[in-house]
Amino acid sequence: MSALSGKYAIAGIGESNVGRKLGRSAMALSLEAATRAIADSGLERSAVDAVLTRSPRRQPQTNYSAVLASHLGLRPSYINDVGLGGASSVAMVLDAVAALEAGLCTTALCVNGDAQTGRGNLRGQLTSWIEDFEHPFGVVAAPITYAMPARRHMYEYGTTSEQFGAVAVACRKHAALNPNATFRDPITIADHQASPMVAEPFHLLDCCPVTDGAAAVIVTSVERARDLPKAPAYILGIGLQNTHAEVQYAASMTSPAMRGASQRAYAMSGLSPKDIDVAELYDCFTYVVLMTLEEYGFCKKGEGGAFVENGRIELGGELPVNTGGGLLSQVHSSGFFHITEAATQMRGAAGARQVAGAQTAIVSGQCGATGINACLILGNHAH
């Protein structure tokens, strides 16, 4: 795998406008992001010969990659619908690299997004195992699923709600510097503690809001990327790990898939946690960021709570986290904006939220309530 490090790169970045109740479909948002990514790359649209995407949750569509390609006027030699929930965004980049390396394509468009607000509910889209094994026992929404391992972490390691709040505060502080973020008003730990309880121990501000938006990247060879107008973000490491389908099937509530995925990415890149300058970590709930910091090796197991305190994960701190605002404050989009933000940081083009001197970024995607994790390491040069 080390032979792949620095061989491929992100050559184009595109983001749709984001927000709530935009009155636009998931397809419209995805087309906007994809079109912007292609334009940003400087490539002709006809150069794109692979499309990887995920069907939107509220408007499910089989063969979604083919439908998206058709609306873009593409005739790709490789398509794939990547259905790994919050891990799908990073997994698309992993899949794109594999397809490029296999010679199935030369230039891949990866795009993920959704229109989740104002368009009904998911009741008719539940899988049978949720209806059979979760809903009858009161597990009726993601906050409940993630609340269980969060509470267990508090029990085992003394983690506090205020430490969860530090993650929310950092994400909002960064979102305030991002003109394409949904929630930009500052919040404090006191605001976090005063927000309504959703599923104990999660307050409202521990939970990512429902939002609309889409993002996209162009992945191609470094040789091709270097000839294009914008500086490439080099793909240095990728990794994926599956340990369980849902948290109730985990070996323990605090044993997630993150460690295995990150170890593969570190091994491929030849880097270690101390070499990472910025982290874009999946943050469906504040606790997930804290756990990912531990499992990705930035602190010891059980020390994530202390690690996020005192501005350590804010801009100017030891490890800036979710510099675009994350799912908690920018937009959901299954975490794809973490990829576009990391690539933007590697270009040095993030404006007021740019991490000074940043040369490396790590990105996480996860689902299955911590049982599926995909990890991506980017750099502004090949190592």
Of (1) within 21 Å of A91 (Cα to Cα); (2) surrounded by fewer than 20 Cβ atoms within 10 Å (Cβ to Cβ), Q366 satisfies every one except (2)
Does L271 fit the bill of being outside any helix (DSSP H, G or I) and either open to solvent by 10 Å² or more (accessible area, probe 1.4 Å) or under 18 Å from R172 (Cα atoms) (or both)? yes
Inspect the range 205-227 for any residue being modelled with pLDDT under 95, part of a helix (DSSP H, G or I) and out of contact with any helix residue (DSSP H, G or I) (no Cβ under 9 Å at 6 or more places or on another chain) and give the result as yes or no. no
Per the filter on the range 247-268, residues surrounded by fewer than 16 Cβ atoms within 10 Å (Cβ to Cβ), in contact with a Ser or Thr (Cβ under 8 Å, 6 or more places away or on another chain) and assigned to a helix (DSSP H, G or I) are A267
Let me spell it out: the conditions are (1) under 17 Å from the mean Cα position of the chain (by Cα); (2) surrounded by fewer than 21 Cβ atoms within 10 Å (Cβ to Cβ), and G348 meets all of them except one. Which number is the exception? (1)
Some residue of the range 234-246 being within 27 Å of A166 (Cα to Cα) and surrounded by fewer than 24 Cβ atoms within 10 Å (Cβ to Cβ): yes
Would you point out the residue of the range 164-204, among those that are assigned to a strand (DSSP E or B) and open to solvent by less than 70 Å² (accessible area, probe 1.4 Å), that is nearest to G305 (Cα to Cα)? F202
Look through the range 124-163, keep the residues that are among the aromatic types (F, W, Y) and at pLDDT 95 or above, and return whichever of them is surrounded by the fewest Cβ atoms within 10 Å (Cβ to Cβ). Y155
Six or more apart or on different chains, Cβ under 6 Å: which pairs go from a residue in the range 1-23 that's at pLDDT below 95 to one that's assigned to a helix (DSSP H, G or I)? Could you list them? M1/M268; S2/M268
Run T160 past the list (1) touching a residue at least 40 places away in the same chain (Cβ under 8 Å); (2) under 20 Å from E341 (Cβ atoms) and report the number of the one that doesn't hold. (2)
Members of the range 182-223 that are small (G, A, S), more than 24 Å from N17 (Cα to Cα) and in contact (Cβ under 8 Å) with a residue 12 or more places away in the chain: A199, S221
Closer than 29 Å to G348 by Cβ, of a type in the set (V, I, T) and out of contact with any Pro (no Cβ under 7 Å at 6 or more places or on another chain) - does that describe any residue in the range 277-285? no
One residue is enough: does the range 294-314 have a residue meeting the conditions assigned to a helix (DSSP H, G or I), closer than 17 Å to F164 by Cβ and open to solvent by 50 Å² or more (accessible area, probe 1.4 Å)? yes
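The values are calculated or read from the model by the stated rules, or taken from the named source; none is laboratory data. The structure presented is a predicted model; accordingly, all values stated were derived computationally and were not measured. Ideal geometry is used to build each Cβ from the backbone, glycine not excepted, and the neighbour counts take in all protein chains shown. Ligands, DNA and RNA are stripped out before the accessible areas are found, and what is left, the full protein with its side chains, is counted by its heavy atoms. Shrake-Rupley method; radii C 1.70, N 1.55, O 1.52, S 1.80 Å.
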